[in-house]
1. Within the range 13-32, track down each residue that is surrounded by 14 or more Cβ atoms within 10 Å (Cβ to Cβ) and either more than 19 Å from Gly91 (Cα to Cα) or modelled with pLDDT under 95 (or both).
2. Cβ-Cβ under 8 Å, sequence separation 6+ or interchain: first residue in the range 247-258 and in contact (Cβ under 8 Å) with a residue 60 or more places away in the chain and within 17 Å of Asp158 (Cα to Cα), partner among the acidic types (Asp, Glu) and outside any helix (DSSP H, G or I). Which pairs?
3. Tell me yes or no: at least one residue of the range 65-87 is among the basic types (Lys, Arg) and either touching a Pro at 6+ places or on another chain (Cβ under 8 Å) or over 20 Å from Trp339 (Cβ atoms) (or both).
4. Could you please find all residues in the range 271-292 being crowded, with 24+ Cβ neighbours inside 10 Å, more than 7 Å from ligand 1 (Cβ to nearest atom) and assigned to a loop (DSSP other than H, G, I, E, B)?
5. So which residues in the range 296-335 are part of a loop (DSSP other than H, G, I, E, B) and more than 18 Å from Ser135 (Cα to Cα)?
6. More than 16 Å from ligand 1 (Cβ to nearest atom) and over 18 Å from the mean Cα position of the chain (by Cα): which single residue out of Gly173, Gly154, Gly207 fits that description?
7. Do any helices (runs of 4 or more DSSP H) lying entirely in the range 90-195 carry at least 3 residues that are closer than 16 Å to Ala316 by Cβ and out of contact with any Asp or Glu (no Cβ under 9 Å at 6 or more places or on another chain), and which ones are they?
8. So, in the range 237-257, of the ones that are away from ligand 1 (no atom under 16 Å from the Cβ) and either under 19 Å from the mean Cα position of the chain (by Cα) or surrounded by fewer than 22 Cβ atoms within 10 Å (Cβ to Cβ) (or both), which residue ends up nearest to Gly210 (Cα to Cα)?
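The values are calculated or read from the model by the stated rules, or taken from the named source; none is laboratory data. Note that the structure is a prediction, hence the values are computed from the model and not measured. Backbone-built Cβ (ideal geometry, glycine too); neighbour counts: all protein chains shown.
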Amino acid sequence: MIILGIETSCDETAVGIVDDHHNILANVLYSQTKEHLPHGGVVPEIAARAHVHHLDHLIASALDQAKLEWSDIHGIAATCGPGLIGGVMVGMMTGKAIAAARHLPFIAVNHLEAHILTARLSHRVPFPYLTLLISGGHTQILLARGYGDYALLGESLDDAAGEAFDKSAKMMGLPYPGGPVVDRLARECADQVAATVRFPLPKPLVGRSGCDFSFAGLKTAMRQVIDALPAGPLDTPTLRDLCAALQTTIADILADRVNNAMMFAKDAQVKHFVLSGGVAANSQIRTRLTALATTHQMELVAPPIPLCTDNGVMIAWAGLEQLRERGPSALDTPARPRWPLMEQNQMKAAS
Ligand code: KG4
Ligand code: ZN
């Protein structure tokens, strides 16, 4: 079975093709960073227009890269939410139009579910597994017991981890998207411990029971720290220290909450811990959580970085699993700005 997947929920226009032997046959992507850079963040209207502009030729390139014809494709998957609604509609309507014209099954994919299933494509991770989903809009710890059988162990009560990176980066005058820039500058910091002493930041909920997160206080503290520095652009050593302090604090918060989840998961005989979502590209977070997994005798699985950040391959793979488990989606499936992953459990019950 070969599935083509379309991703347009944020600022990446992406198309992927996968087969049921876990092969990635095509992975093409247009990142809209250039378009949004002058605005310091994603502008939904600009994103939707850019998706319209780029999607058709990316679909053609994906078929070229895979050396396939339309007659070789068995289904079209597209992100139907959650995400910026204008962009979601572009990808979803394109997917539906192709499916209708080619008499192919259409598969409406939940973007969050696609993130957490990616490790099953890249590493063939079996259910059940514990997963930390850390993206621009979501921070959740889930137990994936089976396809469409997810238990939410904890989530952010306010901002997502990605937002903490992006908003703090903006305050420091760093370009959008902030996460990768903070990651690079933190790596350039000579003494990370000294940086956390120079800029102590709060770690809300750390040390408490449960697996929920809070990052809003961190953002406020960053504002206060930056306001206390001399006015004007920040010098490079200060930027490196600030980024190291921020990144270490976020890694500490994530590790503390994941530690609680791992204790629970170990009791439930869960062996794998999967990192998913764009923030999972972060070098310090990957290293930190790998060490934590080892202390719990769990195996950490982190998909390759280009499959952690938004891409079309993960949509194609989630579409493939969904088609296998539940069959195609209706062509009148709506585009949804909000679509909690837990609703996938109800869909399983209904099918
Ligand atoms: O999953 P994703 O590509 O899009 C969403 O579904 O939100 O995640 C985007 C987020 C952004 O907040 C971006 O700054 C963050 O992932 N990110 C990183 C890194 N690479 C991407 N955050 C920290 N370190 C990175 N290396
Ligand atoms: Zn994403």
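1. Asp19, Asp20, Ile24, Leu25
2. Pairs found: Arg257/Asp212.
3. There is at least one residue in the range 65-87 that is among the basic types (Lys, Arg) and either touching a Pro at 6+ places or on another chain (Cβ under 8 Å) or over 20 Å from Trp339 (Cβ atoms) (or both).
4. Scanning the range 271-292 gives no hits.
5. His296, Gln297, Met298, Gly327, Pro328, Ser329, Ala330, Leu331, Asp332, Thr333, Pro334, Ala335
6. Only one candidate passes the filter, namely Gly207.
7. Correct list: 111-122.
8. Applying the filter and picking the extreme gives Arg257.
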